[in-house]
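See below for the structure under consideration.
Nothing in this text is a laboratory measurement; each read-out follows from the coordinates by a stated rule. Predicted model only: the values in this text are computed from it and were never measured. FYI the Cβ positions are ideal-geometry reconstructions off the backbone, even for glycines, and counts take in every protein chain you see.
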C-alpha cells in the first residue's frame, strides 16, 4: 500500500493515549497518514532539529527491502518482523513473495493502533500474521501461538529488528532479548538490524532530539558502532558488514545517501 492512499487518517480509539507515539511518528516521516496531531507535532520538532530525517527514514526502509530480498534469495522462507510499526509501502510480505510466494511473515508490534491497522490493511491468510507482542518480553513473544503456528523454529528464520532496538534502554537489556531470539532460531537463520546512531552528530542537536523522544511513547537510545555490533554476537556478518544503512548493498533504488544509523545482516552459526 502507498502512504496516503486508500485509507484516511487514523482515528484513535477512545482508550488509546494521545501522546506522541514513535511508530506513528515514523509513519509521518515516511509520508504516511496513520498518525495523530501529537505525533505530527513531535515529528515536526525532530525535522526542525534534523531536517533530513524523512530522507533517512526512507533510506532505512530501502535497507529493509534489500535485506529481506537477500534472505529470500538465499532460501529463507520465514520472516519474523519485530517492531514492524504501521503498514506502509514495500512491506516484508510484498517483497519476499516476489521471490518465494510460499514465504510466511509474522509482524509483531506492541502498539495497539499499529497492530489494529496492520490487521485491517494487511492480507488475511495463513502466510501473513499480525501479533501484538513486545521485544522486551521475548519469552512471551516466542511462545505466542500466532508466532509458533506459522514459524517453524527448527528451520532458518529471518528475525528483523529494523529501527526498534534504539527504543530499548540499557536497563531493559536489549542484548539479552536479542540473544534469546538467537537461541530460539536454527543455524542459518538471519538477523537484520538497523539502529540509530549519533556518531558524528553535533552534541546540542542530538540532545534536543532525544528530549523530544523522552516526551513520546519511548525514549531514544542511539548507540555507537561498537555497541550495535554487539547485537551480532553469535552471527557471521555478511558483506559489507555493519555500515551506514544507505551504504548496505545499494542497488540503484532512488534514495539520498543519508543515514542516521547503521545496518547489517548476520547469519547464525
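Odds and ends about this structure:
- Taking a point 7 Å from the Cα of residue 249 along the Cα-to-Cβ direction, the residues of region 163-195 with backbone N closer than 13 Å to it are 190-193.
- Compared with the direct C-alpha span, the chain from residue 102 to residue 140 gains 11.0 nm at full extension, assuming 0.36 nm per residue.
- The fraction of Cα-Cα pairs per 10 angstrom bin, counted from 0 for region 221-269, comes to 25, 51, 22, 2 percent, rounded to whole percents.
- Extension gain, residue 37 back to residue 180 (0.36 nm per residue minus Cα-Cα distance, nm): 47.8 nm
- The label point for residue 89 and the one for residue 148, both projected 7 Å from the Cα toward the Cβ, are 4.0 nm apart.
- DSSP-defined beta bridges in the chain - what % are antiparallel, rounded to 5: 40 percent
- With the highest mean first, a sort of the peptides 170-177, 32-39 on other beta-carbon atoms found within 10 angstrom per residue produces 32-39, 170-177.
- Inter-label distance, nm, simple model (7 Å from Cα along the C-beta direction), residue 169/residue 44: 3.0 nm
- Among 103, 224, the order by Cβ neighbours within 10 angstrom, fewest to most, reads 224, 103.
- Cα gyration tensor shape for region 105-165, rounded if a/c is under 1.5, else prolate or oblate: oblate
- Eigenvalues of the alpha-carbon gyration tensor of region 131-193, scaled by 5 and square-rooted, set the equivalent ellipsoid semi-axes at 19, 14, 10 angstrom, largest first.
- According to the calculation over all Cα-Cα pairs in the chain, the P(r) per 10 Å bin from zero is 7, 32, 40, 20, 2 %.
- Normalised by the number of residues in the chain, the average gap of Cα pairs under 8 Å and 6 or more apart makes the relative contact order 20 percent.
- Fraction of the pair-distance distribution of region 75-116 above 15 Å, Cα-Cα pairs, percent: 42 percent
- Ellipticity at 222 nm from helices only: DSSP H runs of n ≥ 4 in the chain, each -39500 (n - 2.57), divided by the residue count, give -10000 deg cm²/dmol.
- Taking 40, 214 and counting other C-beta atoms within 10 Å, the order from fewest to most: 214, 40
- Three-way shape label, region 16-71, alpha-carbon gyration tensor, a/c 1.5: oblate
- Distance-filtered residues of region 47-81 - backbone nitrogen under 13 Å, label point 7 angstrom along residue 155 Cα→Cβ: 75-79
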